[in-house]
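Take a look at the structure below.
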Amino acid sequence: MSSTDSPWWRSAVIYQVYIRSFADGDGDGIGDIAGIRARLPYLADLGVDALWINPWYPSPMADGGYDVSDYREVEPLFGSLNDAADLVEDAHAHGLRVILDLVPNHTSDRHAWFQAALAGGPGSAERARYLFRDGRGPDGADPPNDWRSVFGGRAWTRVMEPGGIPGQWYLHLFAPEQPDLDWTSPEVRADVEQTLRFWFDRAVDGFRIDVAHALMKAPGLPDLRTDLDWPEAARRPDPHPHWDRDEVHDIFRSWRAVADSYDPPRVFVAEAWVPKPERLAAYVRPDELHTAFNFDYLRAPWLAEPLRRTIDATLAEHATVGAPATWVLSNHDVARHVSRYARPQTDKPVHSLQALLGLPADLELGRRRARAATLLMLALPGGAYVYQGEELGLEEVEDLPEEMLQDPTWSRSDHTDRGRDGCRVPLPWSGDARPFGFGPGADAWLPQPDSWRTRTAQAQHDDPDSSLNLYRAALRLRRELPALGDGALTWVAAAKDVLHLRREPGFACLVNFSQEPAPLPTDGRVLLTSAPLVGAALPPDAAAWLASPG
Ligand code: NOJ
């Protein structure tokens with residue numbers, strides 16, 4: 001299918017802006033809306049279609065903004081509602097759509113609703129918006145069930161009642177500062193729809209849905225009876241009492257009706273870590289969310305067979321519901337893929353830094369594989385996500401000083417899991433010294449490695465072989481070639497450890513995972529490669545885009 005007669009989101013390349021770390025406009029060391037506005041020309045030039053901006057709402061930042069205290073305002077550190085409106089207008093003028101981040105599973109504990117729930121006491125209407133329960137044991141001193149927080153420790157915190165006595169417990173699947181809402185409450189449902197309309201009325205093009213698979217909990221909140229932690233615990237028992245329950249889909253159907261009532265229709269992308277592609281496909285049925293992040297692809301090792309299996313399973317399941325696939329290599333929750341691919345690759349999927357530490361790393365190899373991975377991802381049917389900084393070939397920062405770590409995973413794991421700060425280090429834009437043009441101030445909220453002086457956007461701008469220019473060239477070709485974007489692929493028989501796919505009309509992508517050079521087909525014209533060719537052969541861990549004559 002040509003991308004011209006299909007809606008934009010079916011083939012969009014969406015750039016993820018982790019706002020705290022993208023660009024700082026006011027010099028306080030923290031990224032902000034002014035910083036994004038100043039860099040819109042860079043993003044337009046890169047060739048992406050849209051931005052997804054991580055939460056920019058008022059937040060005590062217990063979890064980097066995923067603890068929202070007011071969904072219809074802007075965090076003062078980032079700017080104001082007026083700045084937000086100006087950004088959306090400017091982005092549109094640059095041909096870039098804007099997607100925000102909706103956090104519907106939990107609020108901040110500073111949200112007015114949670115404060116009212118604490119004051120309201122047991123049995124109050126204010127507590128019914130959250131999941132407050134009495135504890136177990138004679139004096140209620142044990143939590144209501146055995147659920148675990150994703151960040152470590154139990155998923156329940158006990159509150160002091162208004163009279164100063166220990167009282168009920170509330171559920172938080174993430175940090176204690178992120179109390180879970182009760183999605184059986186009609187008031188909760190109505191309020192979130194109001195938030196959707198608030199931003200849609202301000203010309204925002206869509207929302208990424210945070211932990212879409214978490215919203216509904218099993219009636220009675222039954223025990224898990226497992227010692228497994230997330231993500232393993234997400235698979236058992238089945239059905240799971242708080243992940244990926246069938247009841248969540250009813251919520252998305254009502255949101256879709258809201259999105260479709262706008263002209264142009266607004267769109268959603270689901271963050272849903274679910275165990276099987278068929279479970280993911282359910283989120284993107286025609287009357288639900290439009291697209292979903294493909295985390296199976298993100299977690300797959302840099303090996304031909306597992307990648308091909310993941311691609312085939314994804315396409316087959318998405319085809320059953322008529323939705324386009326998405327492809328994603330990195331985001332603000334996982335170790336950057338340069339560093340994942342720098343490690344020995346095994347069949348076991350990995351995404352966290354913790355799983356990598358201790359394994360030998362070859363960053364030069366990781367970067368070569370990452371370049372090839374970019375060409376493969378952008379050749380596949382559907383849409384793709386680019387996490388800020390991956391276009392610069394940035395690696396995970398694995399040795400941040402412990403006293404600077406902010407991810408709640410670090411403290412909740414008793415300082416055994418360094419968490420996600422290493423992929424959130426502020427971007428290096430220019431210059432030879434920290435903070436590398438991140439902002440006009442002397443510092444950035446996390447220190448960048450000195451080695452990033454060669455990886456700044458400025459340093460890569462004029463280097464034809466840079467990672468930045470590979471992304472630019474690939475994104476430009478992706479727009480020009482009718483074969484790319486939405487549609488289908490066919491595999492061409494290839495040597496072991498080589499993937500060769502075709503898209504019509506006249507496009508092929510070849511990826512060499514083996515350690516031997518792979519011959520290029522003689523009937524193709526080379527459009528783009530991720531590494532210099534050796535004669536007519538593709539070197540190890542490299543990819544090429546080919547066009548067939550005629
Ligand atoms: C997923 C977000 O991507 C992550 O950063 C956050 O910690 C959790 N959801 C909780 O909101």
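Of the residues making up region 419-445, those that are closer than 21 Å to His332 by Cβ, among the hydrophobic types (A, V, I, L, M, F, W, C) and in a loop (DSSP other than H, G, I, E, B) are Val425, Leu427, Trp429, Phe436, Phe438, Ala444, Trp445. Taken over region 242-282, the criterion of being over 14 Å from Ala325 (Cα atoms) and within 16 Å of the ligand (Cβ to nearest atom) is satisfied by His242, Trp243, Asp244, Val248, Trp273, Val274. Listed by position, the strands (runs of 3 or more DSSP E) enclosed by region 137-244 that each have at least 1 residues that are under 26 Å from Ile99 (Cα atoms), within 26 Å of the chain's Cα centre (by Cα) and of a type outside the set (Ser, Thr, Tyr) are 206-209. Checked against (1) away from the ligand (no atom under 16 Å from the Cβ); (2) out of contact with any Gly (no Cβ under 7 Å at 6 or more places or on another chain); (3) modelled with pLDDT under 95, Glu193 meets all criteria but (3).
Those residues that are within 11 Å of the ligand (Cβ to nearest atom) and among the hydroxyl-bearing types (Ser, Thr, Tyr), I need them from region 60-71; list them, please.
Tyr66
Out of Phe151, Phe174, Phe207, one residue alone is modelled with pLDDT under 95 and closer than 22 Å to Ala270 by Cβ. It is Phe151.
If I filter region 13-55 down to residues being part of a loop (DSSP other than H, G, I, E, B) and within 16 Å of the ligand (Cβ to nearest atom), which single residue comes out as nearest to Arg424 (Cα to Cα)? Residue satisfying both the conditions and the ranking: Tyr18.
Of the residues examined, Ala175 is not one that is more than 16 Å from the ligand (Cβ to nearest atom) and either out of contact with any strand residue (DSSP E or B) (no Cβ under 8 Å at 6 or more places or on another chain) or within 30 Å of His92 (Cα to Cα) (or both).
Applying a threshold of 9 Å to beta carbon distances and a minimum spacing of six or more residues, or different chains, the list of pairs starting in region 327-348 at a residue that is without any contact (Cβ under 8 Å) to a residue 40 or more places away in the chain and among the β-branched types (Val, Ile, Thr) and ending at one that is part of a loop (DSSP other than H, G, I, E, B) and within 14 Å of the ligand (Cβ to nearest atom) is empty. For the condition away from the ligand (no atom under 16 Å from the Cβ), in contact (Cβ under 8 Å) with a residue 12 or more places away in the chain, of a type in the set (A, V, I, L, M) and part of a helix (DSSP H, G or I), Ala91 qualifies.
Just a yes or no: is a residue in region 114-132 under 23 Å from Asp407 (Cβ atoms), within 22 Å of the chain's Cα centre (by Cα) and within 16 Å of the ligand (Cβ to nearest atom)? Scanning region 114-132, I find no residue that is under 23 Å from Asp407 (Cβ atoms), within 22 Å of the chain's Cα centre (by Cα) and within 16 Å of the ligand (Cβ to nearest atom), so the answer is no.
Quick grid of which residues meet (1) surrounded by fewer than 21 Cβ atoms within 10 Å (Cβ to Cβ); (2) in contact (Cβ under 8 Å) with a residue 24 or more places away in the chain; (3) farther than 21 Å from Gly439 by Cβ:
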residue	(1), (2), (3)
Leu40	yes, yes, no
Leu43	no, yes, no
Trp56	no, yes, no
Asp83	yes, yes, no
Gly95	yes, yes, yes
Ile99	no, yes, yes
Ala128	yes, yes, yes
Leu131	no, yes, yes
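The values are calculated or read from the model by the stated rules, or taken from the named source; none is laboratory data. Keep in mind the model is a prediction, meaning the values are calculated, not measured. Here the Cβ is made from the backbone with ideal geometry for all residues, glycine too, and neighbour counts use every protein chain on show.
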